[in-house]
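Bear in mind these aren't lab numbers, they're just calculated from the coordinates by the rules spelled out. Everything numeric in this text was worked out from a predicted model, so none of it was measured. Backbone-built Cβ (ideal geometry, glycine too); neighbour counts: all protein chains shown.
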Amino acid sequence: MSSDRSYFADWQSLEEAVKRCARCALYKSRKNVVLGEGSRNAHVMLVGEAPGATEDEMGRPFVGAAGRLLTMILESLGVKRESVYITNVVKCRPPGNREPKEEEVEACSIYLESQIILLKPQIIVTLGNVAGRKIFALGNNQWSSVMKMRGKIYKLNILSLSVSVIPTLHPAAALYNPQLRTLFEEDMKLVRKVMESVVKEVTGELQKGKSRTLLDYLKPSSDDR
């Protein structure tokens, strides 16, 4: 990562820059840029690879079949989708849903890094190898493969932030493979467990009021998107 990067100071300037971005050739074939969505006060950031066809059409991340699986599993664990922040390493769809090229990842990196700085997440969940490799590189940590790295919590220093990173499979891989889906669900249970620890640490109130639950602390505020 270059030490002289100029990051975006606020969400509005970031959004405006992404909409008119032509930093790599992917802008030529996109229908919509997909920056990300969710609570901008979220403790948790989920990072995928790149938009697919449905995402490109709608301008939203993880809204196709894989996204529906992700949403369903999150909600089965009592985590509302809008309470976390979801994005991708690359903000434009690669043709044919191919894996992003290294130069595309690098060209788009300023946006992901700015999102991390603005959000200041305490947990980053990487979905698949592309996201895992990128986030671990930002944390100056070696990436192996998602199957070797998944199921564990890694404490990394990313852009001067102390972050718990939890690698897991991309939900697309788990969509039609029952064994991989089981692993994915196990990893998301780990994510929820760490989320609960973070909420207890940040609020110090979960033990005080029986009327409040984890979901109360995860609900986005009125100015979240």
Of the residues Ala137, Thr87, Thr71, the Cα lying farthest along the dipole of the chain towards its positive end, which is defined by charges on the beta carbon of Lys, Arg, Asp and Glu, belongs to Thr71
Please work out the ratio of the alpha-carbon Rg of the chain to 2.2 N^0.38 Å and round it to two decimals. 0.97
Please give the calculated 222 nm ellipticity per residue for the chain, where each DSSP H segment of at least 4 residues contributes -39500 (n - 2.57) and the sum is spread over every residue; nearest 500 deg cm²/dmol? -12500 deg cm²/dmol
Contour minus Cα-Cα distance for Lys31 and Lys148 (0.36 nm per residue): 38.6 nm
What does the C-alpha gyration tensor say about the overall shape of the stretch 67-174? Classify as rounded when a/c is under 1.5, otherwise prolate if a/b is larger than b/c, or oblate. rounded
Report, to the nearest 10°, how far helix 102-119 tilts away from the longest principal axis of the Cα atoms in the chain, using its own Cα long axis and a range of 0 to 90°. 40 degrees
So, over other residues within a Cβ distance under 15 Å of Val163, counting Lys, Arg +1 and Asp, Glu -1, the net charge is +2
If you plug each phi of the stretch 132-141 into the Karplus form 6.51 cos²θ - 1.76 cosθ + 1.60 with θ = phi - 60°, what whole-Hz ³J(HN,Hα) values come out, in order, with x for Gly and Pro? x, 4, 5, 5, 5, 5, 5, x, 6, 10
Below 8 Å, C-alpha to C-alpha, sequence gap of six or more: please give me the relative contact order for the stretch 17-218 in percent. 22 percent
Let's see if you can work this out: charge +1 on each Lys and Arg Cβ, -1 on each Asp and Glu Cβ, no other charges. What is the dipole magnitude of the stretch 17-218 about its Cα centre, in debye to the nearest 20? 160 debye
Could you check which residue among Cys21, Cys108, Cys92 shows the biggest mean-square fluctuation in a GNM of the chain with a 10 Å Cα cutoff? Cys21
Once both axes come from the Cα atoms, what is the angle between helix 178-203 and the longest principal axis of the chain, in degrees from 0 to 90, rounded to 10? 70 degrees
Give me the lysines in straight-line cross-link reach of Lys80: C-alpha distance below 16 Å, same-chain residues under 8 apart excluded. Lys189, Lys193, Lys219
